[in-house]
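Each value in this text was obtained by applying a stated rule to the coordinates, not by laboratory testing. Treat the numbers as computed from the prediction; the structure is a model and nothing was measured. Neighbour counts run over all protein chains shown; Cβ positions are idealised from the backbone, glycine included.
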Amino acid sequence: MSQLKTFLIPLAIVCATALPVSADTKKDAQIAWFGTWKQGLAEAKRSGRPILLVSAAPHCRNVPGIW
Amino acid sequence: MDRSFLSKPVVIAASRDFVCVRLATYESKAEAVFLKSVFRARSGQLENTVFAILAPDGKRQLVRSGRSPNFAFFGAEDVAAKQMASTMNRIAAQFKTRRTNKATVIPPLPIVADLRLALNVAACDNQPLVVAYSPKANERKLLESRLAKLAWSDDYIGQFLYVSVGNAKAFKQFGDKFRPEAGIYVIEPDKFGLKGDVAVRVAASDDDTKLRDGLSLAVITHQKRMKETFEHRAAGRREGADWKTKIPVTDSHSLGTAKKRSPRRRSR
């Protein structure tokens with residue numbers, strides 16, 4: 001098994017360098033979020049773009065890892 | 001919040017003409033004050049979720065604000081999401097005509113406030129986290145700038161969360177033996193976002209081709225984790241996964257103190 005891993009990891013690296021990011025991987029692209037109001041507001045004022053603002057707690061009853 | 005809106009392709013496409021800001025509720029006192037100015041719930045307290053579309057001045061509200069997009073966009077899920085996207089496109093077009101050439105400049109790297117929070121948010125989003133680390137401010141700024149060009153490119157936009165770290169102590173979640181070196185780390189968070197594995201490492205001295213290859217590898221090897229709320233919460237309780245917010249939670253539903261509404265009495 002460790003020999004298989006030794007082979008697979010370099011193969012993955014070669015494939016990644018040989019191939020650009022494909023359309024299939026781009027399908028997982030989500031909204032690109034600024035994480036702080038200070039940074040987002042500065043960018044909105046600089047660029048003149050309107051703001052999509054959302055706030056949510058990154059935990060459920062104090063269990064993290066889920067909105 | 002009904003997050004299904006935010007993962008609809010039409011809404012994601014419309015978001016590209018906006019500055020999208022997502023804050024973590026109860027993680028900043030200053031941001032909490034701001035959020036209450038945007039939407040104050042009936043309880044008078046800051047509740048878990050807030051939604052708004054604002055003008056670039058950050059003050060003028062362009063649609064009805066509320067706890068979620070449902071406050072402004074009604075109907076069945078797909079219909080409401082299309083309505084939201086259509087409204088966003090209309091708003092973006094209004095502001096496009098007023099913009100100068102500054103809009104074509106690459107925006108700064110969109111970062112989360114700190115590594116601890118960023119790891120949690122990446123776990124929530126099921127996305128890898130890219131960490132730009134250097135104890136030298138100039139070097140860190142350069143790393144951020146190099147990453148920003150990729151972060152906003154078509155190949156990588158919306159594929160990662162980002163954070164910038166200047167102090168090695170921030171990596172304590174990775175164990176005492178972890179000694180960070182200047183450069184980029186792509187981290188796969190665990191399911192609770194309390195720990196992570198280094199998936200890719202690019203040194204600060206490596207060139208942009210290596211940086212790009214590193215991100216491509218991270219995208220290709222990333223595996224999404226399906227999560228179900230009740231199961232995740234139960235697993236978290238069993239395994240002792242506990243999140244301490246920076247300021248107290250004031251949402252009565254989260255606290256389990258929400259009053260049940262009494263049934264309406266029929267008049268005779």
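Observations on the model:
- Top of B:ILE111, B:ILE53, B:ILE12 by mean-square fluctuation, Gaussian network on chain B, Cα under 10 Å: B:ILE12
- Lysine pair count for region B:171-256 (Cα-Cα distance under 24 Å; residues 8 or more apart in sequence or on different chains): 15.
- Counted residue by residue at 0.36 nm each, then reduced by the alpha carbon distance between them, the extension gain from B:GLU181 to B:GLN45 reaches 44.7 nm.
- Among B:61-67, B:158-164, the order from most to least packed when residues are scored by Cβ within 10 Å on average: B:158-164, B:61-67
- Each label point was placed 7 Å from the Cα along the Cα-to-Cβ direction; for B:ARG237 and B:ASP190 their separation is 2.0 nm.
- Dipole magnitude for region B:138-196: about 300 debye, using +1 per Lys or Arg Cβ and -1 per Asp or Glu Cβ, origin at the Cα centre.
- Measuring nothing but how far apart in sequence close Cα pairs (under 8 Å, 6+ apart) lie, relative to its length, chain B scores a relative contact order of 18 percent.
- Relative contact order (percent, whole number), region B:29-181, Cα cutoff 8 Å, 6+ residue spacing: 17 percent
- Approximate spin-label separation B:PHE74-B:LYS149, in nm, with each point projected 7 Å along Cα-to-Cβ: 5.0 nm
- Sorting B:THR250, A:THR36, B:THR209, B:THR25 by the number of Cβ atoms found within 10 Å of their own Cβ, with the fewest placed first, yields B:THR209, B:THR250, A:THR36, B:THR25.
- Put in order of Cβ neighbour count within 10 Å, fewest first, the listed residues B:ASP17, B:ASP206, B:ASP176 become B:ASP176, B:ASP206, B:ASP17.
- Cα→Cβ-extended label distance, 7 Å offset, between A:ARG61 and B:LYS169, nm: 3.5 nm
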